[in-house]
Structure formats: C-alpha cells, structure tokens
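Shown next, in structure tokens, is the structure this report addresses.
The values are calculated or read from the model by the stated rules, or taken from the named source; none is laboratory data. From a predicted model like this one, the values you see are computed outputs, not experimental measurements. Methodologically, a virtual Cβ is constructed for each residue, glycine included, from the backbone with ideal geometry; neighbour enumeration extends over all protein chains shown.
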Amino acid sequence: MNLPQQLQEYLNYKKLQIIDANTGLPEDEKEFDALGQSALISFLTGMYKATRTKDNIVVINIKSDATGLLKSIFVDLEKVLDNIATFSRETTIVAKEKIEAVSAGFINYLEQIGTAETETPDFLQNLMTSQRHEILRYLPAGLKLGDLLNDDTLEDESNKMEGPISSLMHKIENSFSTSD
C-alpha cells in the first residue's frame, strides 16, 4: 500500500514526485505540483507525527470535519499554512483551502475503505507507521516540517534514499517505528 499515491489518485491530484535525496528537487520538475504535493504530504506527515503516542491518537477525531481534523493534528496550523504558502508561492488562503481539501479527502477515503477496524485508534496508528517511508520520500525539505513538528528526522536525506539496501533498512525501520 502506498497511502500518498492512493490519496493523490482519490483526490485527482497530479502524480506525486519523489524528492531526490541528493538534490532535494522533485524527480520531474515540469510535472511538480508544489501546492498539491506540499498540502498532501504536510497533512500525512502531520498525521504520522500525531499518531506516535497513544495520548495524541485519542485526541485525533477522524469523524470531525476537515478543519477540526487539521486542528487536532497540528499544534500550530497557521505556521504549517505559512510554510505551504511560501513553498508553493501561493497565499495562505489558497494553502488552507488545499490542505482542507486533503483533510476532507482523507476522511472520505477512510470512510470508503471503512470497516470496523478502520475506526480504531490502533488502525490509524498502524497505518501511519507503515507509511512513514512512503510519506517522507515525497516530502520537500523546503517545507521545513521537521522544525514545525520538532522532528529533525523528517527531512533527513536518508529517508529519501532508494535502492535494495535502503529499502531493506526502511522495512526494518518501519517494524521498529511503533508508538510510545
């Protein structure tokens, strides 16, 4: 499962571009949708970070509206919006509309694939844990989410490395990347 790609397809956004670990640039700059990708990946990164502890996951209300969900996963939503706007060269109003669309799409996507299991905190936590590498390989360092979410490992270039050894290391990393 590749949640970023599935959500991108569900929202009918342009194809996500992997961010090159060496250059920090998207693999195909001509096809890069800075606003769509930064909003989608910022949202998923926030969800990943917010689901790291049992205490936080209880606060996340997946049944709320898009804005409520965003407020429950980002301590400082305004700074996230500023970073998305700056990175994508858009206004904060446009950035807010885009990330709210992603949030609403995520809620609808989970409802569409919904089972009794998808409504449990453990499901959301396990889902986000299993998607860490998939999310981070699309995360532009220019968003500076690591600073906002107090997690320097988010923009670490080793998260974006590809290849047989790196893939093995990411699988090992995911198996140890559990909640607190």
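Here is how the numbers come out for the structure above:
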{"quantity": "Output for region 98-120, where each listed residue is part of a helix (DSSP H, G or I) and surrounded by fewer than 16 Cβ atoms within 10 Å (Cβ to Cβ)", "calculated": "108, 111, 112, 117, 118, 119"}
{"quantity": "Members of region 127-155 that are over 11 Å from residue 49 (Cβ atoms) and either part of a loop (DSSP other than H, G, I, E, B) or touching a Pro at 6+ places or on another chain (Cβ under 8 Å) (or both)", "calculated": "131, 134, 137, 138, 139, 140, 144"}
{"quantity": "Criterion: farther than 14 Å from residue 36 by Cβ and touching an Asp or Glu at 6+ places or on another chain (Cβ under 7 Å) - qualifying residue of 67, 86", "calculated": "67"}
{"quantity": "Residues of region 61-82 satisfying the condition of being polar (S, T, N, Q) and either modelled with pLDDT of 90 or more or assigned to a helix (DSSP H, G or I) (or both)", "calculated": "67, 72"}
{"quantity": "Scan of region 33-53 for residues that are closer than 23 Å to residue 96 by Cα, modelled with pLDDT under 95 and either among the acidic types (Asp, Glu) or not in a helix (DSSP H, G or I) (or both), ordered by number", "calculated": "51"}
{"quantity": "Residue under evaluation residue 90, criteria (1) in contact (Cβ under 8 Å) with a residue 24 or more places away in the chain; (2) loosely packed, with under 15 Cβ neighbours inside 10 Å; (3) farther than 17 Å from residue 135 by Cβ, criterion not met", "calculated": "(2)"}
